[in-house]
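S.K.: One structure, pasted below without further comment.
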Amino acid sequence: MKQRLVIDAGEFETRIALLQGDVLVEYETVDPGAPAPDMFYRGKVLRVDASMDAAFGDIGETLSGFLPRAGKRYRQGDLCLVQIEAIPSTETKGVRLTDHPHLTGRYMVLQPGHKGVRVSQKLSESKQRAAKAFAETRCPEGFGLIVRTEWQELKRSLSDRFDSELSGLIAEWEDINKRFAASLKPGRLTDNPEVYARCMQVLSDPEAEIIVNRPELYTRLRASAAALPRQGAALRDETVRGPLVFDPFQIDTAIERARHRKLWLKSGGFVVVDYPEAFTIYDVNSGKDVRDLPPDDKALAVNLEACEAILAHMRLCNIGGIVLIDLIDMQSQANREALLDAVRAAAKADHGNVHEEGITSLGILQLTRRRTGLPLHMQLESVCKACQGSGRHLSDRQVEGEIRRAIARRVQSGQQSGYRIRCSRSVQTLIREDPYFESIDPVLETGRDYEIESLPGTGN
């Protein structure tokens, strides 16, 4: 099925959508000014925690840095060249750093300070031996190399492409060290590489299409495509569409649907998704499914359909960490095994390394997925001031009661009148009906959250 990568590069953010055919399978937003994996920084150690064998440092960003397995190698005040290893999935944690850097190219990963050559395990054994022999003759002193799967694209006559990329990565590493030496305070040494990196993932696919609305990215991709050993993805410059480049593919509609808490299945069943701090939970329900099947077979049918939808949702919404799926109970062990087989097969389409951990005695399917940045709901949404992220808030009657008690405390302290109350229209109706407020005669204004102010000249 044809892949299509659509990029909407705006002034403040870049939106990236990957479609398989006409179906949106992956989406992410990239803030050009935000930290991202593989970016290099000059860091300063602020604190060392020996019990955790970790160092915590300032990298010049809002988020602090966490450097594991470094408690014995650094002291407070030390300066270090570090690279972002992972971005936290919550707003309360700092970025995870590494001081064992790597630079990724198309055919290799360069590892400064390492030794030897390693080869992608995705290559056949014979190609692994050939790739290792090939790279060992080129591995420079003071560096290690990991030969990537894409190495098999190179023919012997095109080995100069490998050498050219290796020289470019070494030059990039030297430039990073120069920037580190010249910098005077903690901060970034390289730019956000995410957008270009995502393009490079599909550029070599001759069946794919890349659609961009930023001329400079289009020009850069054309130059990269010219360096490929064979014809790569078709490139299309849609600058004329500007911010509407997603519209022909109905991408915004698909994103809005993915944000819903309830995911409807074609059979009439549905899945409810919640995002607690420690994991993500999906609850499978048969809903309006009217298929005339034995109970256990119907449970299997709904669970199979739900798990397919859940795995697609996890990939699209970038759900990482622990995932728990509350299945419809199945008594048959054969049906449980059939479901697990289907989950393993479907998980192969996701590059997020989904692992199936079995079904518990309570009928909970356990999965894990590699974290790769913020999930969709955290990219697009902010915490509601009314419910503080719980998804629930006080009823109108409870809010009216809180306002009455707050006014009563002020009256008790000496202010008998002169109040402006901002609240929802439905709460205003309750206030007007409440005899308590008749003597106070407050000024009512409409607002989302309730707020009480003293009018000028009326005291506290």
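The values are calculated or read from the model by the stated rules, or taken from the named source; none is laboratory data. Quick caveat: nothing in here was measured; it's all calculated off a predicted structure. Note: ideal-geometry Cβ built from the backbone for every residue, glycine included; neighbour counts use all protein chains shown.
S.K.: So for the stretch 265-281 (the condition being in contact (Cβ under 8 Å) with a residue 40 or more places away in the chain, closer than 30 Å to Pro140 by Cα and of a type in the set (D, E, K, R)), does at least one residue qualify?
M.R.: Scanning the stretch 265-281, I find no residue that is in contact (Cβ under 8 Å) with a residue 40 or more places away in the chain, closer than 30 Å to Pro140 by Cα and of a type in the set (D, E, K, R), so the answer is no.
S.K.: Further question on the same structure: Quick one: which strands (runs of 3 or more DSSP E) lie wholly within the stretch 231-310 and hold at least 2 residues that are assigned by TED's automatic domain parsing to the domain that holds Tyr27 and surrounded by 13 or more Cβ atoms within 10 Å (Cβ to Cβ)?
M.R.: Values: elements: 234-237, 262-264, 270-274, 279-285.
Passing ranges, in order: 234-237.
S.K.: How do the pairs read when you match residues in the stretch 397-415 that are within 17 Å of Asp434 (Cα to Cα) with residues anywhere that are among the small types (Gly, Ala, Ser), using Cβ under 8 Å and keeping only pairs 6 or more apart or on different chains?
M.R.: Sorted first by the residue in the stretch 397-415, then by its partner, the pairs are Val399/Ser424.
S.K.: Let me ask another. Among the residues of the stretch 354-402, write down those that are closer than 30 Å to Asp296 by Cβ and in contact with an Asp or Glu (Cβ under 8 Å, 6 or more places away or on another chain). Show your work before the answer.
M.R.: From the stretch 354-402, those closer than 30 Å to Asp296 by Cβ are 354-369; that's our starting set.
Within the stretch 354-402, Gly363, Ile364, Leu365, Gln366, Leu367, Thr368, Arg369 qualify.
S.K.: Tell me which of these Met1 doesn't satisfy, since it passes every other one: (1) surrounded by fewer than 17 Cβ atoms within 10 Å (Cβ to Cβ); (2) within 30 Å of Gly242 (Cβ to Cβ); (3) under 15 Å from the mean Cα position of the chain (by Cα).
M.R.: Going through the list (1) surrounded by fewer than 17 Cβ atoms within 10 Å (Cβ to Cβ); (2) within 30 Å of Gly242 (Cβ to Cβ); (3) under 15 Å from the mean Cα position of the chain (by Cα), Met1 breaks only (3).
S.K.: Going by the structure shown, is Arg371 on the phi < 0 side of the Ramachandran plot, among the charged types (D, E, K, R), in the same structural domain as Met314 (by TED's automatic domain parsing) and within 36 Å of the chain's Cα centre (by Cα)?
M.R.: Values: on the phi < 0 side of the Ramachandran plot: yes; among the charged types (D, E, K, R): yes; in the same structural domain as Met314 (by TED's automatic domain parsing): yes; within 36 Å of the chain's Cα centre (by Cα): yes.
Criteria met by Arg371.
S.K.: If you don't mind, there's one more thing I want to ask. Just checking, which of Ser126, Ser120 is surrounded by fewer than 18 Cβ atoms within 10 Å (Cβ to Cβ) and in contact with a Ser or Thr (Cβ under 8 Å, 6 or more places away or on another chain)? Don't jump to the end; show me each part of the working.
M.R.: On the way: Ser126 fails: in contact with a Ser or Thr (Cβ under 8 Å, 6 or more places away or on another chain).
Testing whether each residue is surrounded by fewer than 18 Cβ atoms within 10 Å (Cβ to Cβ) and in contact with a Ser or Thr (Cβ under 8 Å, 6 or more places away or on another chain) leaves just Ser120.
S.K.: Residue under question is Asn213, and the condition is that it be within 21 Å of Arg369 (Cβ to Cβ), polar (S, T, N, Q) and in contact (Cβ under 8 Å) with a residue 12 or more places away in the chain; does it hold? Reasoning before the result, please.
M.R.: Details: within 21 Å of Arg369 (Cβ to Cβ): no; polar (S, T, N, Q): yes; in contact (Cβ under 8 Å) with a residue 12 or more places away in the chain: yes.
It is false that Asn213 is within 21 Å of Arg369 (Cβ to Cβ), polar (S, T, N, Q) and in contact (Cβ under 8 Å) with a residue 12 or more places away in the chain.
S.K.: Pairs please, first residue from the stretch 316-338 and farther than 27 Å from Thr29 by Cα, second anywhere and surrounded by 15 or more Cβ atoms within 10 Å (Cβ to Cβ) and of a type in the set (Lys, Arg), Cβ atoms under 7 Å, 6+ apart in sequence or on different chains.
M.R.: So the pair list comes out as Met330/Arg336.
S.K.: Moving to a separate point now. Looking at the stretch 371-396, which of its residues are charged (D, E, K, R) and surrounded by 14 or more Cβ atoms within 10 Å (Cβ to Cβ)? I'd like the intermediate steps shown before the answer.
M.R.: From the stretch 371-396, those charged (D, E, K, R) are 371, 381, 385, 392, 396; that's our starting set.
Residues satisfying the conditions are Arg371, Asp396.
S.K.: Let me ask something additional. Of all residues being part of a loop (DSSP other than H, G, I, E, B) and out of contact with any Leu (no Cβ under 9 Å at 6 or more places or on another chain) in the stretch 361-370, which is surrounded by the fewest Cβ atoms within 10 Å (Cβ to Cβ)? Just the residue, please. Spell out the reasoning first.
M.R.: Looking only at the stretch 361-370, we keep the residues that are part of a loop (DSSP other than H, G, I, E, B), and these are 361-363, 370.
Checking which are out of contact with any Leu (no Cβ under 9 Å at 6 or more places or on another chain) leaves us with 361-362, 370.
Working: Ser361: 5, Leu362: 8, Arg370: 13.
Selected residue: Ser361.
S.K.: Would you pick out the residues in the stretch 286-326 that are β-branched (Val, Ile, Thr) and in contact with a Leu (Cβ under 7 Å, 6 or more places away or on another chain)? Show your work before the answer.
M.R.: Within the stretch 286-326, the subset β-branched (Val, Ile, Thr) is 290, 302, 310, 319, 322-323, 325.
Of everything in the stretch 286-326, those that are β-branched (Val, Ile, Thr) and in contact with a Leu (Cβ under 7 Å, 6 or more places away or on another chain) turn out to be Val323, Ile325.
S.K.: Follow-up question, since we're still on this one. Please work out if Arg420 is out of contact with any Phe, Trp or Tyr (no Cβ under 9 Å at 6 or more places or on another chain), surrounded by fewer than 17 Cβ atoms within 10 Å (Cβ to Cβ), of a type in the set (Lys, Arg) and not in a helix (DSSP H, G or I).
M.R.: Numbers: out of contact with any Phe, Trp or Tyr (no Cβ under 9 Å at 6 or more places or on another chain): yes; surrounded by fewer than 17 Cβ atoms within 10 Å (Cβ to Cβ): yes; of a type in the set (Lys, Arg): yes; not in a helix (DSSP H, G or I): yes.
It is true that Arg420 is out of contact with any Phe, Trp or Tyr (no Cβ under 9 Å at 6 or more places or on another chain), surrounded by fewer than 17 Cβ atoms within 10 Å (Cβ to Cβ), of a type in the set (Lys, Arg) and not in a helix (DSSP H, G or I).
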